[in-house]
1. Could the peptides 252-263, 64-75 be put in order, highest first, of the mean number of other beta-carbon atoms found within 10 Å of their residues?
2. Arrange the peptides 135-148, 83-96, 21-34 so that the one whose residues have, on average, the most other Cβ atoms within 10 Å appears first.
Amino acid sequence: MTIRKYEQEVFDEFAKPANVSEAWSVVDTIAISKNLYGNEVNAQWHTSFQSFGQQERHSFFKQRTQGMVTAAYCNQQSSDSMDFAFVMHSIGLAIFGPPCGVNAVPGQPDGSGGQIDQADLTTTQWIMADLPRHIGLEFKVQQDVRIELPCLKAPPGYGVTGGGVAQGQLADAPAFGSQPTNSIAVSQGVPILSNRYPLPFRIGIPRTASIEGIIHVSQLARTILQNLLGPQNIPFNSEDGTPPLTFFGQRYLIQLSLIGERLVQQRAQYHR
């Protein structure tokens, strides 16, 4: 009997109990943002690139819950424990950032002065397009490492796709508009769900089992991150379009998703 056939028979036995199989995904996110709100301060997120770059290893599915950071970032009801038996089909890692980053005026890093020094296109482009090349991905069930591969081998299969636009400015334009307006969007691979890392065989995860996704950031990437400023706040127009503007923290996201089936107790209408 081949190992793969044995794995399949073990899975089939695992799936036999009278549970209903439902399509499901499990998602968790690490954010890098100057401003955190509400319970997000307990999410073990980072308020600067320098803070994020100080760690070689970052963990998913161990600290956050939906109640802490909302379903936009995590859909686990309990941390460090599976909410239900789960059959994992694929895994994907996404890195998102604002289309056009900004730097605040020197001496006013919180952007409180209502002015913008310049667009910060290098940082946002590097984070979304180049950082994934320097990250390794690991996935564990209990103490067993089940997956270990480069980040770019596990694209998320969803998210914005690449594109950009630029608008030039006249030499005598007002100070606030003296920089060209640029917008760039990048994602890891084509945003269709079939473009994910397909597991060679399905992984069965028992209910209440401990799982952990881990990303390992290379020394090169950590050195660059520790020398980056920001992320700074980004301006939004005031009601009448004139300063003072309203500033919110730019948010960079690293999101790990597992797609598969959850096994739940049968509902009455499923019985004949």
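1. Answer by packing, highest mean first, reads 252-263, 64-75.
2. My ranking of the peptides, most packed first, is 83-96, 21-34, 135-148.
Bear in mind that the values in this text are calculations on the coordinates, not laboratory data. What you see is a predicted model, and the numbers here were worked out from it, not measured in a lab. Cβ sites come from the backbone with ideal geometry, for glycine too, and all protein chains shown count toward neighbours.
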